[in-house]
Amino acid sequence: MPMILVDADACPVKDEIYKVAFRRDVPVTIVSNSPIRVPPHPLIAREVVSAAFDAADDWIAERADAQVVVVTADILLADRCLKQGAVVIAPNGKPFTMNSIGAAIATRAIMADLRAGGDAIGGPPPFGKADRSRFLSALDEALVRLTRR
């Protein structure tokens with residue numbers, strides 16, 4: 001049975017995840033370093049991990065497999081989960097795939113080098129309605145595919 005694991009500390013689409021999970025009857029685990037309010041529902045679980053660096057990422061990666069959809073914006077966590085066979089979707093609805101993760105990691109490294117060199121570079125565009133809509137569609141499609149397996 002499919003399930004959803006959420007890297008939740010900075011996730012802007014938790015309400016959308018709940019909406020899809022309730023409709024599809026899929027369990028969700030919200031993983032964070034500090035307590036986050038979750039709906040009181042039997043499909044929703046909350047896992048608060050230690051404040052150690054990458055504790056939430058480690059918890060999620062250890063449980064990622066071919067029946068799991070991981071929601072994260074963290075490229076390195078996405079890479080780890082893809083290697084475990086999980087489906088990984090960013091909060092803006094863009095899927096991470098084995099074909100795209102290498103380029104995403106390389107871009108991340110280049111941007112880090114530019115920032116370290118003192119270059120003033122902009123961040124990602126503001127999160128908007130189109131991102132929410134794309135995310136809802138991507139999550140729903142991923143769960144349909146997993147259910148058909």
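Filter segment 1-52 down to residues that are farther than 19 Å from ALA90 by Cα and among the basic types (Lys, Arg) and give me whichever is nearest to the chain's Cα centre (by Cα). Looking at the filtered set, the residue picked out is ARG46. Looking only at segment 52-109, residues that are touching a Leu at 6+ places or on another chain (Cβ under 9 Å), in a loop (DSSP other than H, G, I, E, B) and modelled with pLDDT under 95 come to 3 in all. For segment 37-51, the set of residues classified as modelled with pLDDT of 95 or more, in contact with a Ser or Thr (Cβ under 8 Å, 6 or more places away or on another chain) and more than 24 Å from THR147 (Cα to Cα) consists of GLU47, VAL48, VAL49, listed by residue number. Within segment 1-47, being small (Gly, Ala, Ser), surrounded by 15 or more Cβ atoms within 10 Å (Cβ to Cβ) and outside any helix (DSSP H, G or I) holds for ALA8, SER32. Of the residues making up segment 76-99, those that are surrounded by fewer than 19 Cβ atoms within 10 Å (Cβ to Cβ) and hydrophobic (A, V, I, L, M, F, W, C) are LEU76, MET98.
From the list SER100, SER34, the lone residue that is out of contact with any Ser or Thr (no Cβ under 8 Å at 6 or more places or on another chain) and over 22 Å from ARG145 (Cβ atoms) is SER34.
Kindly indicate whether ALA116 is exposed (fewer than 10 other Cβ atoms within 10 Å of the Cβ) and of a type in the set (Gly, Ala, Ser). Yes: the conditions hold for ALA116.
Residue pairs whose Cβ atoms lie under 8 Å apart, separated by 6 or more positions or on different chains, with the first residue in segment 21-33 and more than 11 Å from ILE4 (Cβ to Cβ) and the second among the acidic types (Asp, Glu) and part of a loop (DSSP other than H, G, I, E, B), are SER32/ASP9; ASN33/ASP9.
Of the candidates GLY117, GLY93, the single residue that is touching a Ser or Thr at 6+ places or on another chain (Cβ under 8 Å) and more than 11 Å from VAL69 (Cα to Cα) is GLY93. Of VAL20, VAL71, VAL6, VAL26, all but one fail to be closer than 18 Å to LEU136 by Cα, touching a Cys at 6+ places or on another chain (Cβ under 7 Å) and not hydroxyl-bearing (Ser, Thr, Tyr); the exception is VAL71.
The values are calculated or read from the model by the stated rules, or taken from the named source; none is laboratory data. Since this is a predicted model, take the numbers as computed values, not measurements. All Cβ positions, glycine included, derive from the backbone under ideal geometry; neighbour counts span all protein chains shown.
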